[in-house]
Amino acid sequence: MKAFNTIGGALGIALALSVGPASAEDQLRVAIGQINNWENQAPTLGQDAGIFKKHGLVLENVGTQGAGETIQAVISGSADIGAGVGVAGVMRAFSKGAPVRILAPMFTGTGDIYWYVKADSKIQSLKDATADNTIAYSTSGSSSNNIVVAFVSELGAKAKPTATGGPAGTLTAVMSGQVDIGWSAPPFGLQEIKEGKIRIVARGSDVPSLRGQTVRTLIVNENSLKTKRDAIMRFVEAYREAVDWMYSDPAALKHFAEFTNQQEKVIARVRELLPKETMNPDRIVGMDQIIAEAQAQKFLAAPLTPAQVTELIQIPKL
């Protein structure tokens, strides 16, 4: 799989440019959790396709280990925009006064994330896991974190939630016996499943309450939204166009296959599993239920008020 830059603890370090800057274009820094996942590819693929350039933008796309790192990059101002951040996580940060806003929804539903074990594990389903077992999620505030909490609270899973970062590090932890149940999203892990090295034991869609909800978002630094508003609005326009292109042009599959070192037919299957409507960038689905569950799962101390929701969600009109 192609290696991408990552943001670690030193969030103030200059982000690596994915394309050289042009004087006539505005620059925006974009931190992307799980940058290799299809549903997070609009900034990277759209950049390569020249879509953002057409809107007068050059993006500095940098990968993180998950929503926790992404949120911190946006809060600190090291990134203008954060991609792939769980709704519950950004609501928690916002409720504590963090300068973050939701710029657009990124993914609705939870069928893209799965949990797996080594092929020789005795665990056949979440019901087989005990308090002595561990179950992975990426980082605090991520959608995988939210789903694991729901596995425990709604499905009665007994395994101990454990942060493991991205899919690559998680797979290493599972195969070495450090973690019992790992997490991933396609296309990562498909080859290991095909080779019989790992087995899927649960999917995000196993949690009934999360199936139809928006689970991941684009977030923006509050100050960037004020001082770079024109560029941010153009970013959203380009993002919408990039999502359309990802589902209409075969070149998108070719680019993504090269990014992930996968066959195009495998990538085509991934796109089939994640239909375009799951990436609708204009409508957050199930906000009332999201807030209620975020409170029940201790992401929020109290429900957000209607005024807070209006302030938090800053989706530009079409």
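If the cut-off is 26 Å between C-alpha atoms, which lysines fall inside it for residue 122, apart from same-chain ones fewer than 8 positions away?
158, 160, 194, 197
Classify the chain from the C-alpha gyration tensor, please: rounded if a/c falls under 1.5, else prolate or oblate depending on whether a/b exceeds b/c.
oblate
What FRET efficiency comes out for the pair residue 223/residue 96, r = Cβ-Cβ distance, R0 = 22 Å, nearest 0.05? Numbers along the way, then the final one.
On the way: r = 17 Å, r/R0 = 0.77.
According to the calculation, E is roughly 0.85.
Along the charge dipole of the chain, Cβ charges K/R +1 and D/E -1, which of 99, 141, 285 sits furthest on the positive end?
Of the candidates, 141 comes out farthest on the positive side.
Let's test the formula: R0 of 41 Å, r as the Cβ-Cβ distance of residue 307 and residue 120. What FRET efficiency results, to the nearest 0.05?
0.15
What would the Debye formula give as log10 I(q)/I(0) at q = 0.16 Å⁻¹ for the alpha-carbon point model of the stretch 45-199, no solvent?
The Debye formula, applied to the Cα set alone, gives -0.94.
Find the accessible area per residue for the chain; the probe is 1.4 Å, ligands and nucleic acids are left out, and the unit is Å². Each step should come with its number before you reach the end.
Numbers: 13260 Å² over 318 residues.
In whole numbers, the chain has 42 Å² accessible per residue.
Sorted by mean Cβ packing within 10 Å, highest first, what order do the peptides 299-309, 72-82 take?
So the peptides 299-309, 72-82, ranked by packing, come out 72-82, 299-309.
Under 20 Å Cα-Cα from residue 265, which aspartates and glutamates qualify once same-chain neighbours fewer than 8 residues away are excluded?
39, 112, 192, 195, 244, 249
Averaging sequence separations of C-alpha pairs under 8 Å and six or more residues apart, then dividing by the length of the chain, give the relative contact order as a whole percent.
26 percent
Would you mind computing Rg(Cα) / (2.2 N^0.38 Å) for the stretch 78-124, counting N as its residues? Before the final figure, lay out each step's value.
Values: Rg = 16.2 Å, N = 47, 2.2 N^0.38 = 9.5 Å.
Dividing the Cα Rg of the stretch 78-124 by 2.2 N^0.38 Å gives 1.70.
The values are calculated or read from the model by the stated rules, or taken from the named source; none is laboratory data. Please read all numbers here as calculations on a predicted model, not as lab measurements. In this analysis, Cβ positions are derived from the backbone assuming ideal geometry, glycine residues included, and neighbour counts consider all displayed protein chains. Protein only, heavy atoms only, side chains kept; ligands, DNA and RNA dropped before computing areas. Shrake-Rupley method; radii C 1.70, N 1.55, O 1.52, S 1.80 Å.
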